[in-house]
1. Taking 1 over the mean of 1/r across every pair of different Cα atoms in region 145-249, what Kirkwood radius in Å do you get?
2. Provide Rg and Dmax in Å for the chain, with only Cα atoms included in the calculation.
3. Measure off 7 Å from each Cα along the Cα-to-Cβ vector at Gln158 and Tyr24, then give the distance between these two points in nanometres to one decimal.
4. Mind listing the long-range amide H neighbours of Val108? Cut-off is under 5 Å, sequence gap 5 or more, other chains count too, H placed in the peptide plane at 1.01 Å from N.
5. What are the ³J(HN,Hα) values, in whole Hz, obtained from phi via the Karplus relation 6.51 cos²θ - 1.76 cosθ + 1.60 with θ = phi - 60°, for each residue of region 83-96 in sequence order, with x given for Gly and Pro?
6. Show me 209-219, 21-31 ranked by packing, highest mean number of other Cβ atoms within 10 Å first.
7. For the Cα atoms of the chain, what angle does the longest principal axis make with the long axis of helix 15-29, in degrees from 0 to 90, nearest 10?
8. Convert each backbone phi in region 101-118 into a coupling constant with the Karplus relation 6.51 cos²θ - 1.76 cosθ + 1.60 (shift: θ = phi - 60°), then list the ³J(HN,Hα) values in order as whole Hz, x for Gly and Pro.
Amino acid sequence: MGSFGAAARRLRVSPQSATRAVAYLESELGVRLLNRTTRSVRLTEEGARFLAACRQVLADLRAAEDSLKGTLPEPQGSLVISAPVVFGRIHVVPIVTAVLLRNPRLSVRLALIDRTTELVEEGIDVAVRIGELPDSSVHAVQIGTIQYVIVASPGYLQRHGAPAAPTDLQRHELIMFTAASTCDEWLFGRGGKRGVRVRPRMSVNTADAAISAAEAGFGIARVLSYQVTAAVGAGRLVRILDSEAPPSVPVSLIFQTGRDRSPNVRTFIDQSKEYFRSHPL
């Protein structure tokens, strides 16, 4: 929660009790679990490792209890999920709704945000990741692939003409969705080996804003295919340079190793697989 006060309110204990409990735990372990500043409280590296291990221990304990009772583990309690804003609105909300309808003892907190979230530090059980996964400390289940596409409004193309090649983009007004672009280079062609340096006139941190600016006729945007399906279908945007399509990127569900044994995480993964079989990306 970022602070002892907020955590205490969530747990319905006094801030003093929460502070004393953590201090006692750190004293027993002989390590600092949390870094405190005047603005926030964050896990240390040791704290993140200990939290992940404790979550696994609790999941194993619940599984052992259910095994003795001869029952299948039932999803219950809370599940925290994060996803990019547009992807979450279009795809994750229907999945979460189906999960909740089937599991009345489960509650979900869904955070839609266009930045890379930290699983352990932010208390996230499952996150949607779009792109390659360099971090080997997490487990991933791929649910599909999507492509970057270049789009502009019919009005903009009528005024400025459509670029015939990727290098022509350098003479156009460009809109950059910063969460989808980690540098000032847009990749094209098989394997993404041909890059074009771009100088955007507008940079925004949400896909919705980039798409709105493109629909308004300001310039050309590079976004992800699923983000503009409706706008292209309605004729508000036109896909260009499709013959120079950049490579596809994977869409994955990521979670801490071993967390797929949690009934809550497992049911969300299974529901996601079922959803994307009938709604392939």
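None of the figures in this text is laboratory data; all of them are computed from the coordinates on show. Just so we're clear, the structure is a prediction, and the values are computed from it rather than from any experiment. Positions of Cβ are backbone-derived with ideal geometry, glycine not excepted, and every protein chain shown enters the neighbour counts.
1. Across region 145-249, the inverse of the average 1/r is 13.4 Å.
2. 22.5, 71
3. 7.2
4. Under 5 Å from the amide H of Val108 lie the amide H atoms of Leu79, each far enough along the sequence or on another chain.
5. Couplings: 7, x, 4, 5, 4, x, 5, 7, 10, 6, 4, x, 5, 4 Hz.
6. Details: 209-219: 19.6, 21-31: 12.2.
Highest mean packing first, the order is 209-219, 21-31.
7. Roughly 80 degrees between the two axes.
8. Computed from phi, the couplings for region 101-118 are 5, 8, 10, x, 8, 10, 10, 10, 10, 9, 9, 9, 7, 8, 8, 6, 9, 9 Hz.
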